[in-house]
1. Of everything in the range 12-38, what is in contact with a helix residue (DSSP H, G or I) (Cβ under 9 Å, 6 or more places away or on another chain) and surrounded by 14 or more Cβ atoms within 10 Å (Cβ to Cβ)? Give them in sequence order.
2. Can you confirm whether the range 192-203 contains a residue that is more than 30 Å from residue 277 (Cβ to Cβ) and surrounded by 16 or more Cβ atoms within 10 Å (Cβ to Cβ)?
3. For a quick check of your reading of the model, give me the residue pairs whose first member lies in the range 184-207 and is within 17 Å of residue 174 (Cα to Cα), whose second is in a loop (DSSP other than H, G, I, E, B) and at pLDDT 95 or above, with beta-carbon atoms closer than 7 Å and at least 6 apart or on different chains.
4. Looking only at the range 248-280, which residues are more than 21 Å from residue 94 (Cα to Cα), modelled with pLDDT of 95 or more and touching a helix residue (DSSP H, G or I) at 6+ places or on another chain (Cβ under 8 Å)?
5. Give the residue that is nearest to residue 220 (Cα to Cα), with candidates limited to residues of the range 253-273 that are under 14 Å from the mean Cα position of the chain (by Cα) and assigned to a loop (DSSP other than H, G, I, E, B).
6. With in contact with a helix residue (DSSP H, G or I) (Cβ under 9 Å, 6 or more places away or on another chain) and assigned to a loop (DSSP other than H, G, I, E, B) as the only criterion, which of 66, 48, 86 stands out?
7. Out of (1) out of contact with any helix residue (DSSP H, G or I) (no Cβ under 6 Å at 6 or more places or on another chain); (2) surrounded by fewer than 17 Cβ atoms within 10 Å (Cβ to Cβ); (3) not assigned by TED's automatic domain parsing to the domain that holds residue 294, the odd one out for residue 72 is which?
8. Quick test for you: out of 123, 133, pick the one residue that is within 20 Å of the chain's Cα centre (by Cα), within 30 Å of residue 11 (Cα to Cα) and part of a helix (DSSP H, G or I).
């Protein structure tokens, strides 16, 4: 199959979607209608209406042979494991329910069927007071972070280590290796980035228990719908494919890209986290240092992934400027 607007997104069609529905549900259900869902840039995602009235979601991995970043291997399986684990150990967190996980057959890669959650993303709620949703998101994160594991980093044979310092350093190293492989000219020397991580090992070592992280909770992955009083409330956390095990503070970066949550002590996300967690998050000097490192990781990723998404520096100059400015600021503060 040909790929879609992003090189990693395969192009689906109704006939292929019908074949996936048959593979997932057999003769029990038939496709009535379907169409693509917008918003993501990695996998192909379609809504599917079944003959029993339900609307479900089909998500398909990139075509076989399409180059990916190091951590992007087998993300459909990783996402399915994430949703199942959250449903089992933190059922109050609203995530899709996995209905079927498929391998090569109809497609040449992985795919899954899952329930479709109510609501629209926060990106679509312009002009609405979303503070209740942000508070709900904080509470959901506090519940999610009660799920702990025995290793840091990614699962499924990807980068992982027994300590957070080792895992985080390896994650940064992998992104720098991806930058070299894709010919991405970073706005700063890679050695400067690696030096910042090396010099911060003491604060990374303060994280001793691996918590389950969503990691990618920008506004497009947070769903909300009005409650009985018309106020928007959280209805779902989606696109959990980039989940990993690490420092809970890492999940506070993507919801405020370009901002610093530690400088907004009255942010509703922090209030919701404190209410569910039983105490406010401690955002002292070591925590602030780690938050800066996690912003460094995120901003580095947004630059390194650009060629794999058919983006150019000319079309996304702010990504390069943001990474360069952060490295300069961190270097000056050391």
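1. Passing the criteria: 12, 29, 31, 34.
2. Checked against the condition, which is being more than 30 Å from residue 277 (Cβ to Cβ) and surrounded by 16 or more Cβ atoms within 10 Å (Cβ to Cβ), the range 192-203 yields at least one hit.
3. As it stands, the answer is none, since no pair meets every condition given.
4. Those that are more than 21 Å from residue 94 (Cα to Cα), modelled with pLDDT of 95 or more and touching a helix residue (DSSP H, G or I) at 6+ places or on another chain (Cβ under 8 Å): 260, 261, 262, 264, 267.
5. For the range 253-273, the residue satisfying everything is 257.
6. 66
7. (2)
8. Selected residue: 123, the only one of 123, 133 that is within 20 Å of the chain's Cα centre (by Cα), within 30 Å of residue 11 (Cα to Cα) and part of a helix (DSSP H, G or I).
The values are calculated or read from the model by the stated rules, or taken from the named source; none is laboratory data. Everything numeric here is computed off the predicted structure, so don't read it as measured data. Positions of Cβ are generated from backbone atoms using ideal geometry, with glycine treated the same way; all protein chains shown enter the neighbour counts.
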